[in-house]
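Below is one structure; the comments refer to it alone.
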Amino acid sequence: PPTVAPVIDPEQREEDVALRPKRMEDMVGQREVYERLKIAVDAALIRGEPLGHVLLDGPPGLGKTTFATCIPRALNVPLQIASGATLMAPKDLLPYLTNAEEGSILFIDEIHRLPKSVEEFMYPAMEDFRVDITLGEGVSARTVNMSLRPFTIIGATTRSGLLSAPLRDRFQVREHLEFYSDEELTEIVRRNAAKLRIEIDDAAAEKIASCSRGTPRVANNRLRWVRDYATSRADGKITLDVAKTALKMLGIDQMGLDVQDRKYLETILRVFHGGPVGVEAVAHTLNTATDTLTDEVEPFLLRAELVVRSPRGRKLTTAGYHHLGVTPPADFRS
Ligand code: ADP
């Protein structure tokens, strides 16, 4: 079993709900994605037709589920939620398809985890709103064609590269979510402090934002922790000092990296001499799942240019060495 907890614990998803914006207009950042989705939504409303299928990709915690829950509200249609991880066979997906009301949304999280059989079962549903169901077995098996009410699939994935081309092509709208700027995260922290009814200084909000790996979900988690700290150890108000002390207690550094991020970097440095090293080897050494590293840990470290991906594996950059307080070797070339 992994010794290091994943950055984003699925159990925390419940907690996301309270701070999740209800309307697309209330979402901070992702302006271009927002504008394009808004146009697609408005057009669907005007034409009275279902929205085209939407694929959202990007690292965890950037707002895929939030978009997927705001869009049906904007369209005033029902939402069903499923996860690619639990749809093991066509029969698991079928009830969602037959329940889908006209124009409604079916959100499939982690859509890259759908088995091939389910994926193929979905093609005619997406294209022509019909499914082919096989009844019986062996020689007596027969296929029944069943029509569905026109509906919309919103798929979310951390890695659209894992999606097969035929599946990807069936989404009319494809959007990639990027990490948030410190200013955008500061705004999210301020708004959510108000929702949590806690007073926060501007400098403290900026500090929490800059320590949140460009990710709203991380900002929310950090904010909740700092709030607990302020409640139990300070007079309930989040000042810059309170924020700094509380974040330090969690082992979060200047750049917002947590213990797991640093363990990853330190493993490449100390065990693999700075790389290049395959991610599987790093995962094995850390006793953690490769997917956790590629989906949750690496995206931000790559964006922060602390590591690079080369054909021969992961490598620390000069900035990566410096972040660990180490001078790169004399013959180091990045
Ligand atoms: P994902 O589905 O990409 O993993 P979520 O949509 O669940 O991410 O986002 C996690 C949390 O981050 C949400 O509950 C919400 O509180 C916050 N969040 C995400 N995107 C935004 C945004 N654009 N504006 C404000 N808060 C956001």
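Readers should treat all values here as calculations from the given coordinates under stated rules, not as data from a laboratory. This is a predicted model, so every value here is computed, not measured. All Cβ positions, glycine included, derive from the backbone under ideal geometry; neighbour counts span all protein chains shown.
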Longest exposed-loop-site-free stretch of the chain, with trypsin sites (Lys or Arg not before Pro), DSSP loop and at most 11 other Cβ within 10 Å? 24-196
Could you compute Rg(Cα) / (2.2 N^0.38 Å) for segment 38-109, with N its residue count? 1.15
Segment 255-334: GluC sites (Glu not before Pro) in DSSP coil with no more than 16 other Cβ atoms inside 10 Å: E305
With only Lys, Arg, Asp and Glu charged, each at its Cβ (+1 for the first two, -1 for the last two), find how big the charge dipole of segment 191-304 is about the Cα centre; round to the nearest 20 debye. 380
Just how far, in whole angstrom, is segment 158-183 from segment 274-294 if you go by their alpha carbon centroids? 24
Give the distance, in whole Å, between the Cα centre of segment 233-263 and the Cα centre of segment 296-334. 24
Taking amide H positions as placed 1.01 Å from N in the peptide plane, with prolines and chain starts having none, which residues 5 or more places from R159, or on another chain, fall under 5 Å of its amide H? G58
Projected area averaged over orientations for the chain, convex hull of C-alpha atoms, nm²: 20.0
Per residue and in Å³, how big is the convex hull formed by the alpha-carbon atoms of segment 99-160? 93
In degrees, nearest 10, range 0 to 90: what is the angle between the Cα axis of helix 64-75 and the longest Cα principal axis of the chain? 50
Using θ = phi - 60° and the Karplus form 6.51 cos²θ - 1.76 cosθ + 1.60, what ³J(HN,Hα) does each residue of segment 303-315 get, whole Hz, x for Gly and Pro? 5, 6, 6, 8, 10, 10, 9, 10, x, 9, x, 7, 9
In segment 235-328, with Lys and Arg counted as +1 and Asp and Glu as -1 at Cβ, which of these residues, L250, L286, I268, has the Cα nearest the positive end of the dipole, that is, farthest along it? I268
For K207, list the aspartates and glutamates whose Cα falls under 18 Å from its own Cα; do not include residues on the same chain fewer than 8 positions away. D182, E183, E184, E187, E199, D228, D241, D253, D258
Among the listed pairs K263/K315; K38/K64; K38/K116; K116/K263; K116/K315; K38/K237, those beyond 26 Å (Cα-Cα): K38/K116; K116/K263; K116/K315; K38/K237
What list of ³J(HN,Hα) values in whole Hz, one per residue of segment 227-241 in order, does the Karplus curve 6.51 cos²θ - 1.76 cosθ + 1.60 (θ = phi - 60°) give from phi, with Gly and Pro shown as x? 5, 4, 4, 4, 5, 8, 10, 10, 8, x, 10, 8, 9, 4, 4
What order do you get for I46, I154 when you list them from fewest to most C-beta neighbours inside 10 Å? I46, I154
